[in-house]
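Visitor: Okay, here's the structure, questions in a sec.
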Amino acid sequence: MAQQGTLYIISSPSGAGKSSLINALLTQYNTAGMMMLSVSHTTRAPRPGEVDGQHYHFVAVEQFKQLIERGDFLEWAEVFGNYYGTSRAAIEANLAKGIDVFLDIDWQGARQIREQMPTKSIFILPPSREELECRLIGRGQDSAEIIKGRMEKAIAEMVHYDEYDYVIINEEFEQALFQLRAILESQRLTLASQQQAQQDLLQRLLAE
Ligand SMILES: Nc1nc2c(ncn2[C@@H]2O[C@H](COP(=O)(O)OP(=O)(O)O)[C@@H](O)[C@H]2O)c(=O)[nH]1
Ligand SMILES: [Mg+2]
């Protein structure tokens with residue numbers, strides 16, 4: 001039996017640098033295509049530069065509700081007034097192939113997934129409130145009112161940090177990326193993982 005991939009849940013408030021970290025991880029360390037990021041469905045409008053099917057599957061509310069009814073979502077939640085959902089199909093198939101799957105989802109989604117399958121969950125925090133505010137303003141895509149709202153939502157997300165297995169403070173990007181990698185590497189070195197990955201070697205080593 002092929003080794004089952006690990007399902008990583010990564011959450012953070014908006015502006016903590018989660019997307020950049022996940023992207024760097026997947027482009028720099030995706031050895032043999034054994035890691036993938038799940039593309040969620042959302043009812044929010046695409047931002048400039050966002051590509052349908054790549055950043056999200058952008059759908060209308062009606063379509064989203066149909067997907068809920070069909071049972072297509074492993075989890076879904078309303079976040080900042082929009083719907084977001086993780087579709088089941090790609091995830092289960094890829095985990096079965098031994099591929100590590102990454103979910104960029106909020107705390108509500110994380111709770112739902114944890115109830116259904118084994119996960120390793122990681123929460124990414126900004127180094128300070130001031131820095132978080134700077135990063136939210138730095139995007140320059142939203143009005144002052146939206147930014148204020150996002151600060152409030154960020155705090156509402158951050159209070160759930162203690163539901164996660166790992167916590168990373170993203171002060172310096174390369175350091176945070178290194179820490180994210182360390183979590184992955186250690187996961188691959190657990191007894192259970194190594195017993196699967198090194199079956200042949202272990203058999204040879206322990207033969208009488
Ligand atoms: N529950 C759930 N949350 C999601 C999903 N996709 C994205 N999110 C979360 O929704 C929030 C808003 O995401 P987004 O619209 O991309 O804005 P961002 O804050 O700039 O990343 C983030 O916390 C995401 O992690 C999903 O499929 N399910
Ligand atoms: Mg995002």
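The values are calculated or read from the model by the stated rules, or taken from the named source; none is laboratory data. Worth saying up front: this structure is predicted, and the values here are computed from it rather than measured. Here the Cβ positions follow ideal geometry from the backbone for every residue, glycine too, while neighbour counts run over all protein chains shown.
Visitor: Out of the residues in region 15-40 that are surrounded by 17 or more Cβ atoms within 10 Å (Cβ to Cβ) and farther than 18 Å from residue 86 by Cβ, state the one that is nearest to ligand 1 (Cβ to nearest atom).
Guide: 15
Visitor: Within region 141-200, how many residues turn out to be more than 21 Å from residue 102 (Cα to Cα) and assigned to a loop (DSSP other than H, G, I, E, B)?
Guide: The number of residues fulfilling the criteria is 7.
Visitor: Considering only residues of region 1-14 that are of a type outside the set (A, V, I, L, M, F, W, C) and farther than 22 Å from residue 149 by Cα, which is farthest from ligand 1 (Cβ to nearest atom)?
Guide: By that ranking, first place goes to 3.
Visitor: Within the set of pairs 6+ apart or on separate chains, which have a first residue in region 63-89 that is under 20 Å from residue 153 (Cα atoms) and at pLDDT 95 or above, a second that is in a strand (DSSP E or B) and charged (D, E, K, R), and C-beta atoms under 6 Å apart?
Guide: So the pair list comes out empty.
Visitor: Moving to a separate point now. Output the residue which, of all residues in region 68-81 that are near ligand 1 (Cβ under 7 Å from one of its atoms) and in a strand (DSSP E or B), is nearest to residue 8 (Cα to Cα). Even if it seems obvious, please write down each step before you answer.
Guide: Pass one, region 68-81, residues near ligand 1 (Cβ under 7 Å from one of its atoms): 75-77, 79-80.
Next, only the ones that are in a strand (DSSP E or B) stay: 75-77, 79.
Numbers: 75: 14, 76: 17, 77: 18, 79: 20 Å.
Looking at residues that are near ligand 1 (Cβ under 7 Å from one of its atoms) and in a strand (DSSP E or B), I get 75.
Visitor: Let me ask something else. Can you pull out the residues in region 161-205 that are touching a helix residue (DSSP H, G or I) at 6+ places or on another chain (Cβ under 9 Å), among the hydrophobic types (A, V, I, L, M, F, W, C) and under 26 Å from residue 111 (Cα atoms)?
Guide: 167, 168, 169, 176, 177, 180, 184
Visitor: While we're on this one: I'd like to verify a number: residues in region 59-98 that are aromatic (Phe, Trp, Tyr), surrounded by fewer than 18 Cβ atoms within 10 Å (Cβ to Cβ) and under 17 Å from residue 37 (Cα atoms), how many?
Guide: Summing the residues that are aromatic (Phe, Trp, Tyr), surrounded by fewer than 18 Cβ atoms within 10 Å (Cβ to Cβ) and under 17 Å from residue 37 (Cα atoms) in region 59-98 gives 0.
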